[in-house]
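As structure tokens, the structure follows; a few thoughts come after it.
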Amino acid sequence: MKNKVIALSLSGLMVVGGFVSAPNYVGAVGEGPNYGGNESIQTSILHTYNELVENLKTQDAKQKDMELEVIGQTVKGRDIYLAKYISNPNNPTILFLTQQHGNEQLTTEGALEFIKHLGTNKMKGVLDHVNILIVPMLNADGAMGDVNFSLDDYVADGGRHLTRYNAVGVDLNRDHVAKIHPETQALHNNVLQKYKINYMIDLHHQGTQSEIDGKYVSGSILYPTNRNVKPEVLERSKKLGAVVFNAINSKGWGNIGKYNGGSEETIGRNGAAVQYDISTLLFEMRGMSDHNYESYALGQKSNGYLIQQTITTLDAATRAIADGSIENVDTSFWNTLPTQTTRPSGEETE
Ligand SMILES: [Zn+2]
């Protein structure tokens with residue numbers, strides 16, 4: 001049912017049998033609707049946690065290359081899932097992580113589509129040369145609004161609210177040093193420490209008002225910025241960013257800026273790079289699924305291109321690692337990529 005609704009919202013992007021680039025979305029970024037109090041945000045079109053689990057189990061049953069594993073439980077006892085594609089332990093490995101922040105769900109919608117995509121002929125041969133780990137919806141309690149604090153002032157409709165924080169009000173993307181919370185522990189103990197991971201993309205959403213050159217961004221990216229990251233880890237992070245930048249910017253609707261993020265090791269992008277020498281990329285897409293600040297939530301007319309932006313990102317990174325082309329990509333764009341600013345003054349935080 002939910003797949004159907006999402007498929008409808010993507011109808012402008014699809015042809016029978018697969019995704020194509022979407023010239024009809026040109027301008028969607030600059031003109032993409034904000035919430036503004038006029039357009040309702042229906043969280044009911046998003047997968048619930050239970051629907052996500054059902055979806056993962058269905059794909060697991062269908063796909064011989066996929067393995068589904070429970071890596072731990074949230075504060076409220078929800079199983080946290082890892083979808084694994086490991087054809088050869090010696091292959092380079094990439095981890096895609098979504099929804100450390102529960103109110104940033106379109107990245108998870110994109111990841112679910114990508115998982116489906118991995119079971120089709122379009123990815124034939126690719127999986128022989130790259131291992132893929134996907135942790136969708138790390139913060140399932142926040143995503144379901146099942147938290148020990150009030151969300152009454154959040155703006156979305158649709159039967160549930162989604163919040164950034166875990167059930168006890170903690171920002172999981174600041175817990176990557178102390179690792180106090182069960183969601184962070186599951187990720188570190190049973191994924192980051194357990195596999196030899198070369199690359200990670202940490203997928204987020206930010207507010208709606210970020211811009212470069214006077215035009216709203218579809219998202220902004222950043223490599224690890226902690227000074228203890230090894231130079232070679234940083235260089236590979238920049239290459240990963242270049243692969244994503246090139247893939248998104250070739251779409252009519254893509255407009256990518258440089259994110260202005262912190263250097264603290266407590267942030268996943270930095271912590272994974274410092275602690276495990278993983279080359280990381282933060283991708284902050286435009287607009288959250290719900291928030292108590294109206295300017296942070298994005299109307300759902302933009303859902304299609306944001307989900308497609310996630311799929312494009314995951315697909316491009318996977319292919320570039322599998323065929324080795326990531327090694328030769330030009331990273332000089334980072335020197336001229338404009339750092340995003342916020343219109344009007346406001347705060348963005350990964
Ligand atoms: Zn976030």
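Overview of results
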{"quantity": "Residues that are hydroxyl-bearing (Ser, Thr, Tyr) and either surrounded by fewer than 18 Cβ atoms within 10 Å (Cβ to Cβ) or within 16 Å of the ligand (Cβ to nearest atom) (or both), drawn from the range 200-217", "calculated": "Thr208, Ser210"}
{"quantity": "Number of the condition not met by Tyr154 [criteria: (1) modelled with pLDDT of 95 or more; (2) within 16 Å of the ligand (Cβ to nearest atom); (3) more than 21 Å from Tyr259 (Cα to Cα)]", "calculated": "(1)"}
{"quantity": "Lone unmet requirement of (1) on the phi < 0 side of the Ramachandran plot; (2) within 16 Å of the ligand (Cβ to nearest atom) for Asn335", "calculated": "(2)"}
{"quantity": "The range 247-293: number of residues that are among the acidic types (Asp, Glu) and part of a strand (DSSP E or B)", "calculated": "1"}
{"quantity": "Criterion (at pLDDT 95 or above, within 23 Å of Ile132 (Cβ to Cβ) and surrounded by 20 or more Cβ atoms within 10 Å (Cβ to Cβ)) met by exactly one of Gln99, Gln59, Gln63", "calculated": "Gln99"}
{"quantity": "Out of Leu234, Leu282, Leu222, sole residue that is hydrophobic (A, V, I, L, M, F, W, C) and in contact with a His (Cβ under 8 Å, 6 or more places away or on another chain)", "calculated": "Leu282"}
{"quantity": "Long-range neighbours under 6 Å by Cβ, at least six apart or interchain, first residue modelled with pLDDT of 95 or more within the range 262-280, second among the small types (Gly, Ala, Ser)", "calculated": "Glu265/Gly271; Ile278/Ala272; Ser279/Ser237; Thr280/Ser237; Thr280/Ala272; Thr280/Ala273"}
{"quantity": "Some residue of the range 313-331 being within 16 Å of the ligand (Cβ to nearest atom), surrounded by 17 or more Cβ atoms within 10 Å (Cβ to Cβ) and within 14 Å of the chain's Cα centre (by Cα)", "calculated": "yes"}
{"quantity": "Check on Ser279, surrounded by fewer than 24 Cβ atoms within 10 Å (Cβ to Cβ), away from the ligand (no atom under 16 Å from the Cβ) and small (Gly, Ala, Ser)", "calculated": "no"}
{"quantity": "Where Leu314 falls short, out of the listed (1) in contact with a Phe, Trp or Tyr (Cβ under 6 Å, 6 or more places away or on another chain); (2) on the phi > 0 side of the Ramachandran plot", "calculated": "(2)"}
{"quantity": "Close pairs from the range 165-193: first at negative phi, partner of a type in the set (Asp, Glu) and not in a helix (DSSP H, G or I), Cβ under 7 Å, at least 6 apart", "calculated": "Tyr165/Asp171; Ala167/Asp146; Asn173/Glu350; His176/Glu265; Val177/Glu265; His181/Asp175; Thr184/Asp175"}
{"quantity": "Residues of the range 156-197 satisfying the condition of being part of a loop (DSSP other than H, G, I, E, B) and surrounded by 21 or more Cβ atoms within 10 Å (Cβ to Cβ)", "calculated": "Ala156, His161, Leu162, Thr163, Arg164, Asn166, Ala167, Asp175, His176, Ile197"}
{"quantity": "Tally, over the range 175-199, of residues that are within 16 Å of the ligand (Cβ to nearest atom) and more than 14 Å from Ala272 (Cβ to Cβ)", "calculated": "2"}
{"quantity": "So Leu298, is it buried (at least 24 other Cβ atoms within 10 Å of the Cβ) and over 30 Å from Pro231 (Cβ atoms)", "calculated": "yes"}
{"quantity": "Hey, Arg343 in contact with an Asp or Glu (Cβ under 7 Å, 6 or more places away or on another chain), more than 16 Å from the ligand (Cβ to nearest atom) and either touching a residue at least 40 places away in the same chain (Cβ under 8 Å) or farther than 28 Å from Asn226 by Cβ (or both) or not", "calculated": "yes"}
{"quantity": "Qualifying residue in the range 136-143 (condition: within 16 Å of the ligand (Cβ to nearest atom) and under 14 Å from Ala272 (Cβ atoms))", "calculated": "yes"}
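The values are calculated or read from the model by the stated rules, or taken from the named source; none is laboratory data. These figures come from a predicted structure and were not determined experimentally. Glycine also receives a Cβ, built like all others from the backbone with ideal geometry; neighbour counts cover every protein chain displayed.
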